[in-house]
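Each reported figure results from applying straightforward, stated rules to the coordinates on display, with no laboratory input. On a predicted model such as this, the values are computed, not experimentally measured, just so you know. Backbone-built Cβ (ideal geometry, glycine too); neighbour counts: all protein chains shown.
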């Protein structure tokens, strides 16, 4: 009973027309590259280079710090200049390896461990692990871990998350239009890891050309199909997408694998393909530089570690002074203090808005209009949850399924009283998650 | 680090709907029936509506000023309260009735419980019920120059055949804003169209009430009797404009259905078995009081949570 959508959700201004017709442009980094050791969920990577070392493009500079972790690779050749804390897009400081680019781009030799035809599923997972591939849609969950659920034969769907529901972002869309074969190949590899799996390309119906293209490409594939899902935010949220494609519901304490699904984002699957077939580590991604403050919004193929400022300069800088700069899109992205932030494996966009709609807003009294309840994709009652947080009533918060919140921001977006609903709920979730760890 | 930019937690965009433009839409949607009321009952009706709106806004302003609270008359909620109260008064009342009602509605029902969003019953109806209980004779005097008889519902109760067409258009005795079903429905359509109100509450209310009338009205499925009940009295105004008052209706999807059903049942009981012809105001006010209870028991099960999970969680 896959309905191609979910209950709730919102339709914010999409802003995709700014950059959707701009072809992907490769840009070479000029300044130093910064590699934070924590670009993924799980244990931070451990640096294996020292200050003064010469590194080559594609050389591992930090190894995985545990099972749920991922190695990090240099994306240019040059000298390790420093290993010191740097600010991330999230605002946190993180130990980072700084590499001075020598402009030579000397590469290590990439070759797959085995010819593709001889690879077992385990070999493929190892190749993905060795390449440091993580979920590039934002969460950064190590893909190799995702590919190794307890019961691989229970996985019946591998869903390529091509919905790109976040406003302004067009990086996945450009990838689909320009390199559809790469994405399809990545999906096929992922499907081949699981004995009983079928592949689904879930594309929002505001990208009819991408849907048509993939329908054409997959017409002879019996294990891959295209699913047009309804354009609505947050269609691309993992739980919502699984529901839209399969009708199965998972909650916050379940993994997609519990519903027989593996969900991977467009860039991730492309990286999987490169890792398995060519033995190339994860070194680049597509980043959209957009927003009404940017002179020429663009989609860039970026070497991970490149400074945002360089990308923005290539896009012609600011047309007007931005009021807010966001790493990511306006719904889920992080507002950043300044542009000296490196792109990471999970950096999908830089959105520069001329109007800061939020900072000046004063929350007013809740009028109980129930809009937050209507839009909540998790079927929560955000108003009650936020009240519970304001009263520090942890028990009520947990009883009303507060931990199920996916922090999509729909409730804050829609609230006519401008209450900071998502923010309140998010804060309490962090507190509760912290308590669970103890 | 000199030019640090402003940051905030996501999301960074907001919808255009605000509290004040929601209230504006309600005012706009009430204009057709207000206009018809003034046309139907004359200048007196206009004065009463204006007095009631003005005193509601003034009461809110003065109360907040006196208590040194932020002034919130800009959100138009007091305008809506005053307007609804005015529309719920007969055109024959003396000038101090709307003033007293508005002041009671704003201060006793709304402000002392914490202002907008905190009132436990609809302020306009709270004000009206207060007036009906305190001044029953004044509040049920519907005799004007045009209409010398009883209201259609009073007639219905006494077994007089109503003229349904007049009731739909609104050419009957009654309170200023309740007589014209047509104008109220036009207003309701505006609210549906702009997404200010949801159809669940008014429709479950009207359907439940209709069923009740068919079952217990004593006329069976008599179309004229039923439509007279639907078009008469405050039902339409209540169902579309007052039962749907955000603050005093449940926010949970199931809760809305239960609330609508309770409203329908109570209205039916009051109208058919009660001493008065009318029942909508009291039905809504009583249902308002049940809302916290309804909400408590209708918190929806979150996405992905199985039916059994809650029981297990309780055991644990």
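In table form, for the structure just shown:
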{"read-out": "Enclosed volume per residue, in Å³, of the convex hull spanned by Cα atoms of segment B:1-47", "value": "112 Å³"}
{"read-out": "C-alpha long axis of helix B:280-297 to longest principal axis of chain B, angle in °", "value": "30 degrees"}
{"read-out": "Alpha-carbon Debye profile of the protein assembly as shown, log10 I(q)/I(0) at 0.06, 0.08, 0.11 Å⁻¹", "value": "-0.47, -0.74, -1.11"}
{"read-out": "19 Å reach of a label modelled at residue B:194, 7 Å along Cα-to-Cβ, counting backbone N of segment A:360-383", "value": "A:367-372"}
{"read-out": "Relative contact order of segment B:1-124, defined on C-alpha pairs under 8 angstrom at six or more residues apart (%)", "value": "26 percent"}
{"read-out": "Peptides A:430-437, A:265-272 ordered by average Cβ neighbours within 10 Å, highest first", "value": "A:265-272, A:430-437"}
{"read-out": "Mean Cα-pair separation over length for segment A:123-171, i.e. relative contact order, pairs under 8 Å, 6 or more apart, %", "value": "25 percent"}
{"read-out": "Highest-fluctuation residue, A:354, A:422, A:120 considered, GNM on chain A with Cα pairs under 10 Å", "value": "A:120"}
{"read-out": "Whole-number D in µm² s⁻¹ for segment A:1-72, Kirkwood Cα-pair radius fed into Stokes-Einstein, 37 °C, 0.692 mPa s", "value": "195 µm²/s"}
{"read-out": "For segment B:29-58 versus segment B:146-219, the gap between their alpha-carbon centres in whole angstrom", "value": "19 Å"}
{"read-out": "Label zone at residue A:399 (point 7 Å along Cα-to-Cβ), backbone N below 20 Å, segment B:231-254", "value": "B:250-254"}
{"read-out": "On Cα atoms only, tilt of B:43-66 relative to the major axis of chain B in degrees", "value": "30 degrees"}
{"read-out": "Spin-label pair residue A:53/residue A:26, simplified geometry with 7 Å Cα→Cβ offset, distance in nm", "value": "2.6 nm"}
{"read-out": "Cα gyration tensor shape for segment A:259-400, rounded if a/c is under 1.5, else prolate or oblate", "value": "oblate"}
{"read-out": "Cβ-Cβ FRET estimate between residue A:205 and residue B:4, R0 fixed at 30 Å, reported to 0.05", "value": "0.15"}
{"read-out": "Fewest-first ranking of B:12, A:11, using other Cβ atoms within 10 Å as the exposure measure", "value": "A:11, B:12"}
{"read-out": "Residue A:390 paired with residue A:2, simple spin-label distance in nm, labels 7 Å along Cα-to-beta-carbon", "value": "4.2 nm"}
{"read-out": "Antiparallel %, DSSP beta bridges [both residues in chain A], to 5", "value": "60 percent"}
{"read-out": "Amide N proximity, segment B:79-107 versus residue B:143 label position 7 Å along Cα-to-Cβ, cut-off under 17 Å", "value": "B:90-94"}
{"read-out": "Within chain A, helix-based [θ] at 222 nm, where runs of 4 or more DSSP H residues each add -39,500 (n - 2.57), nearest 500", "value": "-7500 deg cm²/dmol"}
{"read-out": "Degrees between helix B:123-134 axis and first principal axis of chain B (Cα, 0 to 90, nearest 10)", "value": "40 degrees"}
{"read-out": "Simple label model, 7 Å out from Cα along Cβ direction - residue A:320 to residue B:31, nm", "value": "3.1 nm"}
{"read-out": "Ordering of A:56-66, B:176-186 by packing [mean C-beta count within 10 Å, highest first]", "value": "B:176-186, A:56-66"}
{"read-out": "Overall form of chain B per C-alpha gyration tensor (a/c, 1.5; a/b vs b/c)", "value": "oblate"}
{"read-out": "For A:323-334, mean number of other protein chain Cβ atoms within 10 Å", "value": "4"}
{"read-out": "For residues of B:15-21, the mean tally of beta carbons on other chains within 10 Å", "value": "6"}
{"read-out": "DSSP-defined beta bridges in the protein assembly as shown - what % are antiparallel, rounded to 5", "value": "60 percent"}
{"read-out": "Residue mean of other protein chain beta carbons inside 10 Å, A:12-22", "value": "1"}
{"read-out": "Taking segment B:183-256 and dividing mean pair separation by its residue count, relative contact order in percent (alpha carbons under 8 Å, at least six apart)", "value": "39 percent"}
